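Asker: The structure is given below, and queries will be raised subsequently.
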Amino acid sequence: MRAWLALGLVLPIFAAAQTPTPEGGADDGARWGEVQQQLPEFPKPEDYLPLQVSATTSFAFFVDAKSISVGKDGVVRYSLIARSGEGVLNVSFEGIRCSSRQFRVYAYGRPDNTWSEMRNSQWQQIPPDARNAQRAVLFGDFFCQVRGIIGTPDDLVRALRRGQRVPSGL
């Protein structure tokens, strides 16, 4: 009887250890913690790096070179600019977690070139389809590889400047 009682107490603990954390990564005994981030300076057109997403999209995408950072928490943070065919800009400050294929929007740009912080921003999966294709391209082709982030902020800027994508399977 005691063995069954002990097993009944141990199994839920074992199951909890195998359950993904709310952030999307496996809990390996040390909980992931996000580092508090500062909003960057608002992007300037001279710092836009073009991002080729898809020939079928009507938007042109850019990443602000000066905003790219790699946090101690394993998050690549950057400002993303989406320009419609009519010239309307949508600006956001975002993060990508390579370890869990997730993104988070921290703030949106206002027309007066200031930031409006998100109040209830949550980490979301980056879908492998056309939804959020710009994030899937940043994740899979420029920022992340199998072993994590591909390099320093300078490495990421150089890759975007060259339009050089990370070879698959790294």
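Every number here is computed from the coordinates shown, using simple stated rules; none is lab data. Predicted model, so just to flag it, every value in this text is computed and none were measured.
Asker: Using 0.36 nm times the number of residues separating ASP47 and ARG110, minus their current alpha carbon distance, what extension gain do you get?
Answerer: Residue separation times 0.36 nm, minus the Cα-Cα distance, leaves 20.9 nm.
Asker: When a/c is below 1.5 the answer is rounded, else prolate if a/b is larger than b/c, else oblate, so apply that to the range 38-162 with a ≥ b ≥ c taken from the square roots of the Cα gyration tensor eigenvalues.
Answerer: rounded
Asker: Between ASP155 and ARG83, 0.36 nm times their residue separation minus their Cα-Cα distance comes to what?
Answerer: 23.4 nm
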